[in-house]
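Report on one structure; see the data block that follows.
The values are calculated or read from the model by the stated rules, or taken from the named source; none is laboratory data. What you see is a predicted model, and the numbers here were worked out from it, not measured in a lab. Glycine gets a Cβ as well: all are built from the backbone with ideal geometry, and neighbour counts include every protein chain shown.
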Amino acid sequence: MTHPSCHGLPSVYNAQSPTCAGCKSRQSCVDACKVLLRQLMAEQTQPDPRLTAPGTAAPVQFDLREGKTPKYELTPEQKETLAGLPKKVGVRYLSMVKKGFDRQVLDAVQRGQNPFVHEGQRFLHLALALMLDGGVTKADLKQRFRADFNWSDGTAASFVSICVALLPALGVGQVEGSFLLLHPNMVLKNAA
């Protein structure tokens with residue numbers, strides 16, 4: 001059976017999401033998530049602050065029963081990043097970090113993959129795809145948003161602003177003048 005690209009990713013799975021609830025691969029996805037999380041916990045030789053329960057040194061207890069999503073405590077660096085973000089971007093960033101999705105974004109981009117697969121992330125998917133292809137100007141990104149999503153000029157400009165702040169905050173992008181590019185640390189692991 002072919003599974004969606006999000007299959008088995010614990011930080012993506014959400015039992016309350018209509019997409020996950022209606023997915024034909026749901027049960028095998030939950031099972032794969034549990035296996036992956038057990039492996040990650042077994043590989044930990046010392047506590048990772050991103051895999052500890054908020055306010056403790058104990059590992060996060062991953063509970064993939066209905067409605068349960070792992071929560072991560074922000075590191076001091078993430079708190080500093082969050083403080084410097086515009087409010088709308090900060091809300092998205094905080095949600096991603098608390099679910100551990102920020103780590104998966106970094107890992108996926110280093111493999112040359114685009115982790116933004118859900119409907120609400122389609123603008124991030126497009127922006128990152130263009131960055132993986134060598135980068136994009138803010139003006140070109142706005143035009144692509146208008147054309148691909150049938151957005152108004154104002155809406156497209158707003159979402160460009162979100163990309164320009166969020167992708168660098170996640171560590172995968174950087175802004176150089178009018179260009180949005182992959183961060184230099186994003187050396188593709190499968191690059192020749």
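Could you tell me how many of the residues in the range 100-121 are among the polar types (S, T, N, Q) and outside any helix (DSSP H, G or I)?
So in the range 100-121, the residues among the polar types (S, T, N, Q) come out as 104, 110, 113-114, 121.
Narrowing further to those that are outside any helix (DSSP H, G or I): 113-114.
Residues that pass the stated criteria total 2.
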(Q) Can you tell me which condition LEU188 does not meet? The list is (1) at pLDDT 90 or above; (2) over 22 Å from VAL91 (Cβ atoms); (3) surrounded by fewer than 17 Cβ atoms within 10 Å (Cβ to Cβ), and all the others hold. (A) (1)
Q: Go through the range 130-142 and give me each residue that's surrounded by 15 or more Cβ atoms within 10 Å (Cβ to Cβ) and more than 25 Å from ASN185 (Cβ to Cβ).
A: LYS142
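Can you report the number of residues in the range 67-84 which are outside any helix (DSSP H, G or I), closer than 30 Å to THR19 by Cα and at pLDDT 70 or above?
If we filter the range 67-84 for residues that are outside any helix (DSSP H, G or I), which is where we start, we get 67-75, 84.
Checking which are closer than 30 Å to THR19 by Cα leaves us with 67-74.
Subsequent filtering for residues that are at pLDDT 70 or above retains 71-74.
So the answer is 4.
Have a look at ALA147, ALA127 and point out the one that is modelled with pLDDT of 90 or more, crowded, with 17+ Cβ neighbours inside 10 Å, small (Gly, Ala, Ser) and not in a loop (DSSP other than H, G, I, E, B). Lay out the reasoning, then the answer.
Values: ALA147 fails: crowded, with 17+ Cβ neighbours inside 10 Å.
ALA127 is the lone residue from the list that is modelled with pLDDT of 90 or more, crowded, with 17+ Cβ neighbours inside 10 Å, small (Gly, Ala, Ser) and not in a loop (DSSP other than H, G, I, E, B).
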Q: List every residue pair whose Cβ atoms sit under 8 Å apart, with the two residues 6 or more apart in sequence or on different chains, where the first one lies in the range 141-158 and is assigned by TED's automatic domain parsing to the domain that holds HIS125 and the second, anywhere, is at pLDDT below 95 and of a type in the set (D, E, K, R).
A: PHE149/ARG122
**Q.** Positions within the range 95-114 being farther than 14 Å from SER5 by Cα and in contact with a helix residue (DSSP H, G or I) (Cβ under 6 Å, 6 or more places away or on another chain), in sequence order
**A.** MET96, VAL97, ASP102
Q. Residue check, ALA169 against (1) more than 21 Å from THR81 (Cβ to Cβ); (2) in contact with a Ser or Thr (Cβ under 8 Å, 6 or more places away or on another chain), all met but one. Which one?
A. (1)
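Mind listing just one residue for me: the one in the range 67-109 that is of a type in the set (Asp, Glu) and either crowded, with 17+ Cβ neighbours inside 10 Å or closer than 19 Å to LEU182 by Cα (or both) and, of those, farthest from the chain's Cα centre (by Cα)?
Within the range 67-109, the first condition is being of a type in the set (Asp, Glu), and the residues that meet it are 73, 77, 80, 102, 107.
When the remaining residues are screened for being either crowded, with 17+ Cβ neighbours inside 10 Å or closer than 19 Å to LEU182 by Cα (or both), the result is 73, 102, 107.
Working: GLU73: 16, ASP102: 5, ASP107: 10 Å.
Only one residue fits best here, namely GLU73.
Would you mind finding the one in ALA15, ALA57 that is outside the structural domain of ALA169 (by TED's automatic domain parsing), modelled with pLDDT under 75, assigned to a loop (DSSP other than H, G, I, E, B) and surrounded by fewer than 11 Cβ atoms within 10 Å (Cβ to Cβ)?
Details: ALA15 fails: surrounded by fewer than 11 Cβ atoms within 10 Å (Cβ to Cβ).
It is ALA57.
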Q: Mind counting the residues in the range 103-133 that are farther than 17 Å from VAL164 by Cβ and among the small types (Gly, Ala, Ser)?
A: 3
Q | Every residue from the range 22-37 that is over 12 Å from LEU9 (Cβ atoms), in a helix (DSSP H, G or I) and modelled with pLDDT of 80 or more | A | ARG26, GLN27, SER28
Q.
Regarding the range 169-182, can at least one residue be identified that is touching a helix residue (DSSP H, G or I) at 6+ places or on another chain (Cβ under 9 Å) and either among the hydroxyl-bearing types (Ser, Thr, Tyr) or modelled with pLDDT under 90 (or both)?
A. yes
